[in-house]
1. List the number of the failed condition for A:MET83; all other conditions in (1) more than 20 Å from B:VAL475 (Cα to Cα); (2) in contact with a strand residue (DSSP E or B) (Cβ under 9 Å, 6 or more places away or on another chain); (3) at the interface with chain B (Cβ under 7 Å from one of its Cβ atoms); (4) free of Cβ contacts under 8 Å to residues at least 60 places away in the same chain hold.
2. Report, by residue number, each residue of the stretch A:54-79 that is more than 9 Å from every other protein chain (Cβ to nearest Cβ) and in contact with a strand residue (DSSP E or B) (Cβ under 9 Å, 6 or more places away or on another chain).
3. Conditions first: (1) within 14 Å of the chain's Cα centre (by Cα); (2) at the interface with chain B (Cβ under 7 Å from one of its Cβ atoms); (3) assigned to a strand (DSSP E or B). A:LEU104 passes all but one, so which condition is the exception?
4. Select from the stretch B:227-255 the residues that are of a type in the set (A, V, I, L, M, F, W, C) and not in a helix (DSSP H, G or I) and write down the one among them that is surrounded by the fewest Cβ atoms within 10 Å (Cβ to Cβ).
5. Can A:ILE14 be described as in contact with a helix residue (DSSP H, G or I) (Cβ under 9 Å, 6 or more places away or on another chain), part of a helix (DSSP H, G or I) and surrounded by 20 or more Cβ atoms within 10 Å (Cβ to Cβ)?
6. From the list A:SER36, A:SER78, A:SER66, A:SER82, which residue is part of a loop (DSSP other than H, G, I, E, B) and not basic (Lys, Arg)?
7. Scan the stretch A:34-53 residue by residue and report those that are facing chain B (nearest Cβ under 10 Å) and either in contact with a Pro (Cβ under 7 Å, 6 or more places away or on another chain) or not hydrophobic (A, V, I, L, M, F, W, C) (or both).
8. If A:ILE31 satisfies all but one of (1) facing another protein chain (nearest Cβ under 7 Å); (2) modelled with pLDDT of 90 or more; (3) more than 12 Å from the chain's Cα centre (by Cα), what's the number of the condition it fails?
Amino acid sequence: GDKPIWEQIGSSFIQHYYQLFDNDRTQLGAIYIDASCLTWEGQQFQGKAAIVEKLSSLPFQKIQHSITAQDHQPTPDSCIISMVVGQLKADEDPIMGFHQMFLLKNINDAWVCTNDMFRLALHNFG
Amino acid sequence: MQPFKYDDGDSSPQGRKNVWSSLRGNFGRRNPRYERGGYEPQPSHLQEDDGSVLMRDAREDPQIRHTPYSTRRDKRRVKWQNEGHIHITMWRDRKTPRRGMGENTQDGNPGSWFKITIPYGRKYDKTWLMNSIQSHCSVPFTPVDFHYAKNQARFFVQGVGTASALKDVSYKIYDEENRKITIFVNPSSVPYSVRYKLEPEEMEQLKLTMNKRYDISQKALDLQSLRFDPDLVGHDIDIILNRRNCMTATLQIIEENYPELLSLNLSNNKLYGLDGLSDIIEMVPTVKILNLSKNELNVVWELNKMKGLELEELWLEGNPLCDTFPDQPTYISAIKDCFPKLLRLDGQELSPPVITDTDTPCLLKPCKESYKGSDALKSLVLQFLQQYYFIYDSGDRQGLLHAYHDEACFSLAIPFSPEDSAPSSLCEYFKESRNMKKPKDPSLCVQPLKHTKCDIVGSLCVLPKTQHDLSSFLVDMWFQTEKMLCFSVNGVFKEVEGKSQGSVRAFTRTFIAIPAGNSSLCIVNDELFVRDATPSETQNAFSNQEPTLTSSSMPTLSQEQQEMVYAFSTQSGMKLEWSQKCLQDNEWNYTRAGQVFTMLKNEGKIPEEAFKQTT
């Protein structure tokens, strides 16, 4: 396509991430590595195992993400930073806005996530 | 496909230029496959199962041994490395000295030795590997005679319990490429440096000899041509540093007697490998000057083993490896790849590395709780944001040029609802309508990436004039290394002029920044997302506003005036708005404003809220 490479990679990753998350988030381990770090609502979790444990233990069964906006940029050290803004619905809770950032790195031809930051939006979207 | 080359530790502007051009040049139109991490498991014939019979022998040897030398210091420390990965280095308290480990334990039973092999271990940095293994291992262990051989990394441990615990670590560690690391454990005979360890009398004499060669004022130890030292020769002691037992003994003496060693000269010792010397990284990490000249080092790869030392000065001339380079610049470049902080090579001053020269403040002081960001870091970021938005909200955003890196990137996204018949007022954000892409995804308007600080500030200047509610800011610092800092800001702002005057917007802005002079930050990536604020956000906005002293029509400050305000704010400790008022009241006469301020302060006439809170 015409899109720059970092957008292609970033949006491809985003799609894959939320698909995994919504269907079976215990499988998310594949996109993190031992050096990855997740900041979830201000709390930090380091390493693939800790991250998957946190995500798997979130208190809902069903979850659905809908992306409002995504944006990608290349960083000075050949990584990609991706920003996602969207809405999510967990079980029967009301829809909430969220905002998430990923730092992606290419390791041996595969893109993995080295840093992940998630925040719920303070108030609902309109 | 070969996506971008991973630039090791080069986040200098030049490095960024290369990335940019490589982003444009190096790939075709193919869509990249997104691959999962992880690989197929190793073929079964490589999986180890030998030695497992022995593992079930439950005899465990005590790990703590009698130490004939003086007390070991607790050497716990945390060290940060760059490359965007946060490694924690923990030096364990070394309760098991090499010397004490003979073939017999205290109760007279033979302590069995085991050889630990990591296939393909050659590519792993020793420190990283040992720490990874130790962090997964249920038992503390002391590796003996660590070395690389062919593709493997190998070391020895003593005790069935230890060996068994290490075997359990196999397949538990993932390397940076998401491969699992295998650990083979096999019984072995006593390792070389233990079998041939020096006798106490030899150690004593070696120590005396080394003492003579130690310059306490420089913390420098000169061990060149150690083998032919008359003292040692006279006592018939053959110290061949190539031999592990001799190197180990030497390092032990250094560790015990010169623990803060700064400079080590190993010239002329016929060294052809650095496995033995690499133990010094854990034992005496303070060494910054290393002389390896006139040895037998063949390949630069040997030097990789010493990467754990943050060398400032290195001597290599007279080694065969020096002749393998076509020219001096290539040679220097290869060595600098190994030791990025190197300042002098073979007596020649090197051009200082762009970011890590001594004048630049280190963003991150090594400290244990750095995940959350130290307080110093937090206040650095908050101060930066205060200054940034001060300029952003003033009439003239040109001042932001200072805040951005030459090669910075900026992008802006707004949500766009296709149901709106009238164009969203947010479209004001795309005044340069020529550049607005017809959105393929109708729910999103994304302005194409702006590159270079001129372009960025140019497009920022065109955006509607704003006033940000700093008290609404929620700042997340979610990524930091010595060279780079990443943080996000969530908050609200108001448009103060134009068609949408009074509208309150909510934004999320993510910055990636690098350290700049004056303990400040320089932005390399800036990603902004703006949307309309919800009714409740609008209601709560600006409710906590501190009394600003500017009149309702905010005067536009010139660049020089803005700089005066910061300087005044820094010196007086007053918030920016108060500093501005003081300067304005004194007709921008800095000195007079300072005198007035001091006088009022001494008279106690300045309210407490005028001053910045220390976070």
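The values are calculated or read from the model by the stated rules, or taken from the named source; none is laboratory data. Just so it is clear, the model here is predicted, and its values are computed rather than measured. Please note: Cβ atoms are built from the backbone with ideal geometry, for glycine as well, and neighbour counts cover all protein chains shown.
1. (1)
2. A:LYS54, A:LEU55, A:LEU58, A:PRO59, A:PHE60, A:GLN61, A:LYS62, A:ILE63, A:GLN64, A:HIS65, A:SER66
3. (2)
4. B:ILE240
5. Taking the combined requirement at face value, the residue does not satisfy it.
6. A:SER78
7. Listed by number, the residues that qualify are A:ASP34, A:SER36, A:THR39, A:GLU41, A:GLY42, A:GLN43, A:GLN44, A:GLN46, A:GLY47, A:LYS48.
8. Answer for A:ILE31: the failing condition is (3).
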